[in-house]
Amino acid sequence: MTSAPYLIIGAGRGIGRGIAERLIAQGLPVITVSRSSEGPAGAVEHLHADVVAEGLPLDRLPEALSGVAYCPGSIDLKPFRSIRVEDLRAALEVNLVGAFRAAQATADRLKRVPGSSLLLFSTVAVGQGMPFHASVAAAKAGVEGLSRSLAAEWAPTVRVNCIAPSLTDTPLAERLMNTPEKVKAAGDRHPLKRAGTVADIAAMGAFLLGPDAGWISGQVIGVDGGMSRLR
Ligand SMILES: NC(=O)c1ccc[n+]([C@@H]2O[C@H](COP(=O)([O-])OP(=O)(O)OC[C@H]3O[C@@H](n4cnc5c(N)ncnc54)[C@H](OP(=O)(O)O)[C@@H]3O)[C@@H](O)[C@H]2O)c1
């Protein structure tokens, strides 16, 4: 019997694409979503949709899902005095409201598959205060609360976890890593002396979505080069 597919929202590039590629390489069925970018080869289907503005195209989704990852997010770093309320609202929309809508839209489909999994994304800047992160940290703190609440509400059928990455080399972080000097400085700030790669985060993402993580729920897992815990 073919297993129900995994839905990776934001799989056109970056971490979401990395997760989708890993699941596909394991022979698992994967449906990918993004606005304009294309998903990786081997997906069952790639859906073009703006999940923040419009939500998921529910008529295109199967009745059951083995797992869902919500990967769209933002890094808009500014001194607090420069953050407009509109900036905060934009951060809340893509990070929190989008995740909330995706969870609501896929809840019944996940509940049809015992042991299924929802994966959301926070940031290291929630657990550790960092200057200039007020809008994204506020939004991602909401994602952590959402994640734990759903984990409690949906147990024992659906597991819900969250990854909190530190700076990772993806298109989202391009402006922070677009010179050798910035890459070196970013690495030097981490106890493990480098910034993250898509592979670092996607490996944890694919693990949390899959059956090997069958006894893990309600966790916020730092994949951060030691940033959140080590000096
Ligand atoms: N990279 C980092 O340093 C870092 C650090 C901490 C936390 N994170 C978090 O990790 C997660 C993944 O980040 P990433 O760096 O991989 O991001 P990314 O490089 O920007 O990739 C995001 C993906 O989501 C899609 N997307 C964005 N908005 C969308 C929308 N409204 N509807 C549908 N698809 C949308 C994008 O494709 P389209 O543009 O084609 O839609 C793309 O495929 C995010 O939640 C981010 O906040 C990242």
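Would you be able to tell me the number of residues in region 184-208 that are under 17 Å from C162 (Cα atoms) and free of Cβ contacts under 8 Å to residues at least 12 places away in the same chain?
1
Determine whether region 123-132 contains at least one residue that is polar (S, T, N, Q), surrounded by 17 or more Cβ atoms within 10 Å (Cβ to Cβ), under 28 Å from D169 (Cβ atoms) and touching a helix residue (DSSP H, G or I) at 6+ places or on another chain (Cβ under 6 Å).
yes
Checking A102 against (1) in a helix (DSSP H, G or I); (2) on the phi > 0 side of the Ramachandran plot: exactly one of these is not met. Which one?
(2)
Of the numbered conditions (1) farther than 29 Å from D212 by Cα; (2) in contact with a strand residue (DSSP E or B) (Cβ under 6 Å, 6 or more places away or on another chain), V136 fails exactly one; give the number of that condition.
(2)
So for region 162-181 (the condition being in contact with a strand residue (DSSP E or B) (Cβ under 8 Å, 6 or more places away or on another chain), in contact (Cβ under 8 Å) with a residue 60 or more places away in the chain and more than 14 Å from the ligand (Cβ to nearest atom)), does at least one residue qualify?
There is no residue in region 162-181 that is in contact with a strand residue (DSSP E or B) (Cβ under 8 Å, 6 or more places away or on another chain), in contact (Cβ under 8 Å) with a residue 60 or more places away in the chain and more than 14 Å from the ligand (Cβ to nearest atom).
Considering only strands (runs of 3 or more DSSP E) fully contained in region 116-231, which possess at least 2 residues that are modelled with pLDDT under 95 and not charged (D, E, K, R)?
none
Please name all residue pairs, on different chains or six or more residues apart, with Cβ atoms under 7 Å, provided the first residue is in region 116-137 and is under 25 Å from V158 (Cα atoms) and small (G, A, S) and the second residue is outside any helix (DSSP H, G or I) and more than 14 Å from the ligand (Cβ to nearest atom).
Qualifying pairs under 7 Å: S116/L65; S116/S66; S116/G67; S116/V158; S117/G67; S117/V158; S117/R159.
Residues in region 12-21: is at least one surrounded by fewer than 21 Cβ atoms within 10 Å (Cβ to Cβ) and over 22 Å from D200 (Cα atoms)?
No, every residue in region 12-21 fails to be surrounded by fewer than 21 Cβ atoms within 10 Å (Cβ to Cβ) and over 22 Å from D200 (Cα atoms).
Within region 132-143, is there a residue that is within 24 Å of S37 (Cβ to Cβ), within 13 Å of the ligand (Cβ to nearest atom) and among the small types (G, A, S)?
Within region 132-143 (the criterion being within 24 Å of S37 (Cβ to Cβ), within 13 Å of the ligand (Cβ to nearest atom) and among the small types (G, A, S)), the answer is yes, since at least one residue qualifies.
Take the residues of region 9-31 that are basic (K, R) and within 22 Å of G98 (Cβ to Cβ): which is farthest from the ligand (Cβ to nearest atom)?
For region 9-31, the residue satisfying everything is R17.
What residue, among those in region 48-68 that are part of a loop (DSSP other than H, G, I, E, B) and of a type in the set (G, A, S), is farthest from the ligand (Cβ to nearest atom)?
By that ranking, first place goes to A64.
Scan region 133-174 residue by residue and report those that are among the hydroxyl-bearing types (S, T, Y) and surrounded by fewer than 17 Cβ atoms within 10 Å (Cβ to Cβ).
Within region 133-174, S149, T157 qualify.
Does E38 satisfy being touching a residue at least 40 places away in the same chain (Cβ under 8 Å), within 15 Å of the ligand (Cβ to nearest atom) and under 19 Å from the mean Cα position of the chain (by Cα)?
no
The values are calculated or read from the model by the stated rules, or taken from the named source; none is laboratory data. For clarity, every value in this text was computed on a predicted model and none was experimentally measured. When we count neighbours, we look across all protein chains shown, and the Cβ atoms used for this are built from the backbone with ideal geometry, even at glycine.
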